[in-house]
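Visitor: Structure incoming, see below.
The values are calculated or read from the model by the stated rules, or taken from the named source; none is laboratory data. It should be emphasised that the depicted structure is a prediction, and the values quoted were computed from it without experimental measurement. Using ideal geometry, Cβ is built from the backbone for each residue, glycine included, and neighbour counts are taken over all protein chains shown. To get the accessible areas, we keep the full protein, side chains included, count just its heavy atoms, and leave off ligands, DNA and RNA. Shrake-Rupley method; radii C 1.70, N 1.55, O 1.52, S 1.80 Å.
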Amino acid sequence: MNETPTRVYAEIDLDAVRENVRALRARAPRAQLMAVVKANAYGHGAVPCARAAQEAGATWLGTATPEEALALRAAGIEGRVMCWLWTPGGPWREAIEADIDVSVSGMWALDEVREAARAAGRTARIQLKADTGLGRNGCQPADWAELVGAAVAAQAEGTVQVTGVWSHFACADEPGHPSIGLQLDAFRDMLAYAEKEGVDPEVRHIANSPATLTLPESHYDLVRTGLAVYGVSPAPELGTPAQLGLRPAMRLKASLALVKSVPAGHGVSYGHHYVTGSETHLALVPAGYADGLPRSASGRGPVLVGGKVRRAAGRIAMDQFVVDLGEDLAEVGDEAVVFGDAERGEPTAEDWAQAAHTIAYEIVTRIGGRVPRVYLGG
């Protein structure tokens, strides 16, 4: 877009994405790097961020759903793309024809991908996912021999090529958690079994963003970096973005829609959970929970207005919230930074996460479709 929106918009710095990818590659110099661009690149815009990540050396892109992966291909993005969240009847054939690596966690998925490969007349690229302790997606150790055996047989018949063996950590964002070592041991055992049975994967991977930053022994052939690509710390315990060598790529900004004086004792927003203590100036920020700001941060969500960090006064509504400026003055149209970079003195996604009792992943990912994205460094 040529003109900057005036209500609310997300400014996405693609140079920050590139810098973050380079910094993460330096943390795992012997491994390839996958930039995970699921959920519209955690709210940042999948296609522009995918291109920026590739320009900085990401050799793989990752998505959750096949539809997300197919959208990358439709946008002309080449290179290795993997997707892992499948349900019965999914677009297996389309993914195979688009040369997308698909994850297989159970026999039903292997059966469907083999059938689709026969229909397409092509060999499907599949990656076997091991449940090493997360208890979510992935094949349990008790079922691993059956899945591996069937995959090796399918590979012999030419319907699939097993390109990867992978897993996912449950608690890598909690350094020292006992499950980390147990999962590494389980992955090592399940990988060794698959290789003994004839699987020769191109990539073996278990490391997510926090493991990339803290567990070199987990890097294997490929690290899967998600939130860290966008310059947000995957866990406060690991450090701030600046301490981790990362820079936030998103700044959420708005223009004040109204500034007015009100007397003492004036209720503010629904339910009057905030009442002015004295005569004061109120400023209206035209963004709310329909834009992705969590209503649970009412009364606590920070915003930078006039060089000072203020808090949402009262309830965050669907389209707007109020800040109390006190004796300070502001003008309609002045900039409000909802979150951005702490190094600039701005509130951060992590600040909003703490205000809403959630995690920074949710804050950036939930910024909705009616919030325009404005790209810098394109």
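Visitor: For the stretch 88-110, which positions are open to solvent by less than 10 Å² (accessible area, probe 1.4 Å) and either modelled with pLDDT under 95 or outside any helix (DSSP H, G or I) (or both)?
Guide: If the condition is that a residue be open to solvent by less than 10 Å² (accessible area, probe 1.4 Å) and either modelled with pLDDT under 95 or outside any helix (DSSP H, G or I) (or both), then Ile100, Asp101, Val102, Ser103, Val104 are the ones that fit.
Visitor: How do the strands (runs of 3 or more DSSP E) wholly within the stretch 1-67 filter down when requiring 3 or more residues that are within 24 Å of Thr214 (Cα to Cα): which remain? Let's see the steps before the verdict.
Guide: Working: elements: 8-13, 32-36, 60-63.
So the answer is 32-36, 60-63.
Visitor: Output the residues belonging to the stretch 305-325 that are open to solvent by 30 Å² or more (accessible area, probe 1.4 Å), assigned to a loop (DSSP other than H, G, I, E, B) and in contact with a Gly (Cβ under 9 Å, 6 or more places away or on another chain). So that I can check it myself, show each step before the final result.
Guide: Initial filter on the stretch 305-325 (open to solvent by 30 Å² or more (accessible area, probe 1.4 Å)): 306-309, 311, 315, 318-320, 324.
When the remaining residues are screened for being assigned to a loop (DSSP other than H, G, I, E, B), the result is 306-307, 315, 318-320.
Listed by number, the residues that qualify are Gly307, Arg315, Met318, Asp319, Gln320.
Visitor: Is it the case that the stretch 261-280 has a residue that's closer than 22 Å to Val371 by Cα and not hydroxyl-bearing (Ser, Thr, Tyr)?
Guide: Within the stretch 261-280, not a single residue is closer than 22 Å to Val371 by Cα and not hydroxyl-bearing (Ser, Thr, Tyr).
Visitor: Moving on. Hey, can you tell me all the residues within the stretch 352-372 that are open to solvent by less than 60 Å² (accessible area, probe 1.4 Å) and touching a helix residue (DSSP H, G or I) at 6+ places or on another chain (Cβ under 8 Å)?
Guide: Passing the criteria: Trp352, Ala353, Ala355, Ala356, Thr358, Ala360, Ile363, Val364, Thr365.
Visitor: Something else now. Identify the residue in the stretch 326-348 that is in contact with a Leu (Cβ under 9 Å, 6 or more places away or on another chain), hydrophobic (A, V, I, L, M, F, W, C) and open to solvent by 10 Å² or more (accessible area, probe 1.4 Å) and, among all such residues, is farthest from Ser261 (Cα to Cα). Let's see the steps before the verdict.
Guide: The first filter runs over the stretch 326-348 and keeps only residues in contact with a Leu (Cβ under 9 Å, 6 or more places away or on another chain), leaving 330-340, 344-347.
Among the residues that remain, those that are also hydrophobic (A, V, I, L, M, F, W, C) are: 330, 332, 336-339.
Cutting the leftovers down to open to solvent by 10 Å² or more (accessible area, probe 1.4 Å) gives us 330, 332.
Working: Ala330: 11, Val332: 13 Å.
Applying the filter and picking the extreme gives Val332.
Visitor: Can you name the residue in the stretch 19-60 that is of a type in the set (S, T, N, Q) and out of contact with any Asp or Glu (no Cβ under 7 Å at 6 or more places or on another chain) and is also surrounded by the fewest Cβ atoms within 10 Å (Cβ to Cβ) among such residues? Talk me through it step by step, then tell me what you get.
Guide: Residues of the stretch 19-60 of a type in the set (S, T, N, Q): 20, 32, 40, 54, 59.
If we keep only those that are out of contact with any Asp or Glu (no Cβ under 7 Å at 6 or more places or on another chain) as well, we get 20, 40, 54, 59.
Values: Asn20: 28, Asn40: 18, Gln54: 18, Thr59: 16.
Only one residue fits best here, namely Thr59.
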